[in-house]
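J.: One structure follows; several queries about it will come next.
The values are calculated or read from the model by the stated rules, or taken from the named source; none is laboratory data. Predicted, not measured: the structure shown is a model, and the values here were computed from it. With ideal geometry, Cβ positions are generated from the backbone for all residues, glycine too; neighbour counts draw on all protein chains shown. Keep in mind that these areas ignore ligands, DNA and RNA; they rest on the heavy atoms of the full protein, side chains included. Shrake-Rupley method; radii C 1.70, N 1.55, O 1.52, S 1.80 Å.
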Amino acid sequence: MGKWFPRWYDALMEPLERRGIRNIRIRLLQKAWGNVLEIGSGTGLNFPYYEQVEQVTAIDPEPLMVKQSMQRAEQAHVPIRVRRAEAEALPFADNLFDTAVGTLVLCTVPDPNKALAEIRRVCKPGAPVLFFEHVRLEHPLLGRLQDGLTPVWKRLCDGCHLNRNTLEQIQRAGFKTTVVEPHYKGIFLVIEAVNEKDIGKQ
Ligand SMILES: C[S@@+](CC[C@H](N)C(=O)[O-])C[C@H]1O[C@@H](n2cnc3c(N)ncnc32)[C@H](O)[C@@H]1O
């Protein structure tokens with residue numbers, strides 16, 4: 001990955017954060033509880049908003065992102081441990097976490113289906129899974145525009161795809177969606193789901 005993206009990530013996000021994304025993060029993270037897993041935590045933009053949870057284990061494979069997130073982890077209201085790892089191969093036991101969180105990350109993870117299978121494995125049955133993601137639009141022209149822009153966008157923005165059907169991927173992975181809330185004309189979705197699984201049949 002180019003080093004410019006992690007270095008400039010916070011500055012690029014700041015105008016969007018101010019225009020509403022920060023409030024979306026705050027509302028979403030209020031629903032986290034217990035022992036929390038956050039995938040692709042980046043520079044730790046979510047960390048200040050964890051309040052009523054026991055602890056957070058955050059993972060991200062990019063060393064510079066992890067390094068930049070450390071200060072936010074130290075200043076958080078709850079214990080936050082950050083580890084370098086990929087969502088497709090989570091270094092955790094089965095059924096460990098009470099909540100999973102992923103914001104603006106399934107667009108970038110190289111194999112989102114594998115990552116979702118891993119989240120299912122490490123989360124307890126019934127655990128809430130809280131996502132905030134940008135997705136491919138259903139509008140025929142705009143969807144195709146996103147398809148067309150993705151190859152260049154991916155190279156500029158560290159592997160980020162503009163055109164993933166993330167809601168469908170989450171549902172196909174076996175999560176039961178409970179809330180799907182569109183933002184910014186449906187480009188962004190808050191997706192809340194439940195890890196429906198039978199502990200005997202994983
Ligand atoms: C757009 S940033 C989002 C960061 C943060 N979640 C946020 O809301 O600001 C995408 C993050 O996904 C991370 N990422 C890339 N590949 C990943 C993988 N295989 N597993 C987990 N995270 C990954 C990147 O390093 C980056 O920090």
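J.: If we keep just the residues of region 41-79 that are among the hydrophobic types (A, V, I, L, M, F, W, C) and within 11 Å of the ligand (Cβ to nearest atom), which is nearest to residue 23 (Cα to Cα)?
T.: Among residues in region 41-79 that are among the hydrophobic types (A, V, I, L, M, F, W, C) and within 11 Å of the ligand (Cβ to nearest atom), the one nearest to residue 23 (Cα to Cα) is 45.
J.: Step by step: first the residues of region 162-202, then only those that are β-branched (Val, Ile, Thr) and assigned to a loop (DSSP other than H, G, I, E, B), then the one that is nearest to the chain's Cα centre (by Cα). Which residue is that?
T.: 187
J.: Oh, and also: Being within 21 Å of residue 21 (Cα to Cα), in a loop (DSSP other than H, G, I, E, B) and not basic (Lys, Arg) is the filter here; which residues of region 112-155 pass it?
T.: Passing the criteria: 135, 137.
J.: Something else about it: Residue under question is residue 154, and the condition is that it be closer than 15 Å to residue 35 by Cα and open to solvent by 40 Å² or more (accessible area, probe 1.4 Å); does it hold?
T.: no
J.: Got a sec? Which of 88, 38 is within 8 Å of the ligand (Cβ to nearest atom) and open to solvent by less than 10 Å² (accessible area, probe 1.4 Å)? Spell out how you get there, then give the answer.
T.: Working: 88 fails: open to solvent by less than 10 Å² (accessible area, probe 1.4 Å).
After applying the criteria, what remains is 38.
J.: Quick one: in region 1-35, of everything that is within 9 Å of the ligand (Cβ to nearest atom) and more than 18 Å from residue 189 (Cβ to Cβ), which residue is least open to solvent (accessible area, probe 1.4 Å)?
T.: 6
J.: Sticking with this structure for a sec: Hey, can you tell me all the residues within region 157-202 that are farther than 25 Å from residue 29 by Cβ and without any contact (Cβ under 8 Å) to a residue 24 or more places away in the chain?
T.: Hits for region 157-202 are 200, 201.
J.: Next up: Given the conditions (1) out of contact with any Asp or Glu (no Cβ under 6 Å at 6 or more places or on another chain); (2) surrounded by 20 or more Cβ atoms within 10 Å (Cβ to Cβ); (3) more than 16 Å from residue 48 (Cα to Cα); (4) not charged (D, E, K, R), and given that residue 96 satisfies all but one, which numbered condition is not satisfied?
T.: (2)
J.: Name the pairs: first residue in region 83-96 and closer than 18 Å to residue 111 by Cα, second residue open to solvent by 60 Å² or more (accessible area, probe 1.4 Å) and β-branched (Val, Ile, Thr), Cβ to Cβ under 9 Å, at least 6 apart or on different chains?
T.: Partner pairs satisfying both residue conditions: none exist.
J.: Starting from residues that are within 13 Å of the ligand (Cβ to nearest atom) and part of a strand (DSSP E or B), keep the ones in region 91-106 and report whichever is farthest from residue 196 (Cα to Cα).
T.: 103
J.: Mind listing whichever residues of region 79-118 are farther than 22 Å from residue 136 by Cα, β-branched (Val, Ile, Thr) and in contact with a helix residue (DSSP H, G or I) (Cβ under 9 Å, 6 or more places away or on another chain)?
T.: Across region 79-118, the qualifying residues are 80, 82.
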